[in-house]
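Below: one structure, written as structure tokens.
The values are calculated or read from the model by the stated rules, or taken from the named source; none is laboratory data. This one's a predicted model, so the numbers in the text were calculated from it and none came from an experiment. Cβ: placed from backbone, ideal geometry, glycine included. Neighbour counts: every protein chain shown.
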Amino acid sequence: MTYRIKRRNFLAGLGATGLAHWLLRSEASAQGAGAPKRLLVIHHPVGTIRSNWTCTGSETDFQLSRILAPFEPVKSHMVVLDGMDIVAPGVGGGHEKGTVIMMTGVRTRELYPGNGGDDPKADGPSVDQMFLSGSPALQGTPIASLQVSCDDRVDVGEVSTRRLSYTGAEAPLTPYLVPHATYERVFGNLMPGGGSSAANALRRARLLKKSVLDFGLGDLARMRTLAPSSEWERLDAHESAVRALEVELDQDPLSPEACGLAEAPEEIAPFEDGDGNRIGNGAYSTTTGGSRDDEIHANIGRLHGEVIRAAFQCDLTRVVTFQWSPGTNHVSFQGMYPGQPTSIKMHHPVSHDPSSPDVREFLTKIDTWYSEHTSALLQRLLETPDIGGGNLLDNTFVPYVTEVARADHSFGDAPFAVFGGTGVGIVGDRLKKYSPRRPLNDLWLAAAQALDVEDFTSLGEDDMYTGPLDILG
């Protein structure tokens with residue numbers, strides 16, 4: 001039996017335990033293959049107040065605006081996009097069709113029955129799923145893609161505003177609302193049994209993996225008697241990798257702890273109204289909330305983010321969509337409304353009077369709040385080393401998007417930014433101003449280039465794209 005055949009048998013044994021993916025990633029890293037590329041789409045709701053979003057300065061020498069100031073710690077990994085439009089032909093309400101077209105890049109043609117009469121169906125897959133199917137760089141992980149949301153309360157039971165990902169026309173993917181459920185999805189299903197039995201399954205799998213490694217060490221010793229001396233250095237490297245795996249197995253490799261997540265997220269129930277429903281939180285015209293949501297909302301986002309970071313760190317998934325809340329949300333914030341430090345106001349209902357200076361200030365504070373908490377998530381990626389070098393943010397393409405430009409349901413001059421690093425071709429600390437304005441689909445074309453998506457040169461009808469944005473180095 002040859003050296004190559006024996007090594008293949010060894011890896012096959014690891015594959016039977018579910019460890020092969022982890023070992024092969026480590027081996028590829030050791031041989032200089034680099035870190036995996038990833039996509040993390042982050043959505044914040046209800047557009048922005050443009051005067052407080054717009055940055056001043058030149059492309060390479062600019063100052064972050066009031067709303068974007070919280071991103072200062074990650075500015076070196078940030079490209080601010082100025083002069084972008086959501087080209088939104090089709091049927092549906094402002095936030096509704098804006099959300100669908102933002103993520104699919106194609107016209108909406110049909111409405112769901114009921115649901116307020118303005119709830120459009122997706123007419124194709126979302127860009128994250130298109131990228132996943134078209135890029136080998138995003139494939140091969142235990143979890144193909146992950147969808148999370150921090151709140152899904154809306155005016156009526158609409159689909160369009162509460163979903164970012166679609167596998168095809170009228171085929172939405174339901175996001176995880178509860179961080180503990182996200183945690184169970186990522187870590188509980190890695191081993192047979194999943195769910196509540198995951199811990200016992202992980203322990204059993206660890207013992208099985210250790211027995212395979214013990215066999216592998218013996219097999220490596222036998223290989224030395226067959227392999228030429230020119231292969232001994234490679235065998236030494238394999239033995240060192242196996243020894244390192246033995247140490248890792250004592251910490252349960254592929255467990256949350258080994259992926260940098262010390263403990264499971266606390267079990268926070270999704271927001272509900274007084275009748276135990278997650279749909280609606282008062283009449284459409286209601287602006288005052290019964291209790292503040294912002295503290296729990298922030299914690300849910302933080303916990304989701306920690307699970308995502310751990311999943312990226314162990315290369316369990318490479319494609320994630322993260323939604324703070326729908327554009328028609330009922331998230332209540334306390335102390336944001338000018339002159340009313342104790343008042344509790346709901347984000348979307350209040351936004352319907354954007355001509356009021358007080359409402360504009362309220363919306364500015366909320367958009368800044370989302371910047372602060374999104375920046376915290378990105379900073380955690382920035383400080384986490386990646387398996388193939390650099391840090392997680394270096395190797396992740398992160399579009400920061402919203403479904404409308406402003407609360408008046410307009411789509412021109414929409415507020416977008418992109419985060420990432422050299423692993424996905426992003427040269428940060430730049431302000432890109434486009435005149436004439438560019439459609440959002442041009443951002444997705446650039447993302448496709450960054451993520452090695454094959455044959456992705458157009459998206460939507462002719463007036464919905466012009467070509468990839470020049471944001472890659």
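Residues are listed down the side, and each one gets a yes or a no for (1) under 16 Å from the mean Cα position of the chain (by Cα); (2) farther than 23 Å from LEU377 by Cα; (3) surrounded by fewer than 24 Cβ atoms within 10 Å (Cβ to Cβ):
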{"position": "PHE397", "(1), (2), (3)": "yes, no, no"}
{"position": "ALA414", "(1), (2), (3)": "no, no, no"}
{"position": "PHE419", "(1), (2), (3)": "yes, no, no"}
{"position": "ARG430", "(1), (2), (3)": "no, no, yes"}
{"position": "SER435", "(1), (2), (3)": "no, yes, yes"}
{"position": "LEU440", "(1), (2), (3)": "no, yes, no"}
{"position": "THR457", "(1), (2), (3)": "no, yes, yes"}
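If you go through region 38-62 and keep only what is outside any loop (DSSP other than H, G, I, E, B), charged (D, E, K, R) and touching a strand residue (DSSP E or B) at 6+ places or on another chain (Cβ under 7 Å), you end up with just ARG38.
In region 66-77, the count of residues that are among the polar types (S, T, N, Q), farther than 24 Å from GLY467 by Cβ and crowded, with 24+ Cβ neighbours inside 10 Å is zero. Evaluated against (1) surrounded by fewer than 20 Cβ atoms within 10 Å (Cβ to Cβ); (2) among the hydrophobic types (A, V, I, L, M, F, W, C); (3) at pLDDT below 95, ALA407 falls short on exactly one condition, (1). Any residue in region 435-443 that is assigned to a loop (DSSP other than H, G, I, E, B), modelled with pLDDT of 95 or more, more than 27 Å from ALA310 (Cα to Cα) and in contact with a strand residue (DSSP E or B) (Cβ under 8 Å, 6 or more places away or on another chain)? The answer is yes; a qualifying residue exists. Within this structure, GLU59 passes the test of being farther than 17 Å from ALA376 by Cα and out of contact with any Phe, Trp or Tyr (no Cβ under 9 Å at 6 or more places or on another chain). Restricting attention to region 103-117, the residues being within 20 Å of ALA448 (Cβ to Cβ) and in a loop (DSSP other than H, G, I, E, B) number 3.
Residues checked against (1) of a type in the set (Asp, Glu); (2) surrounded by fewer than 20 Cβ atoms within 10 Å (Cβ to Cβ):
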{"residue": "SER332", "(1), (2)": "no, no"}
{"residue": "MET336", "(1), (2)": "no, no"}
{"residue": "PRO341", "(1), (2)": "no, yes"}
{"residue": "HIS348", "(1), (2)": "no, no"}
{"residue": "THR368", "(1), (2)": "no, no"}
{"residue": "GLU372", "(1), (2)": "yes, yes"}
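Contact map, region 454-472: residues that are at positive phi paired with residues that are charged (D, E, K, R), Cβ distance under 9 Å, separation 6+ or inter-chain. Pairs shown: GLY460/ARG107; GLY467/ARG438; GLY467/ASP442.
Taking region 216-261 as the range and being surrounded by fewer than 16 Cβ atoms within 10 Å (Cβ to Cβ), modelled with pLDDT under 75 and among the β-branched types (Val, Ile, Thr) as the test, only VAL247 passes.
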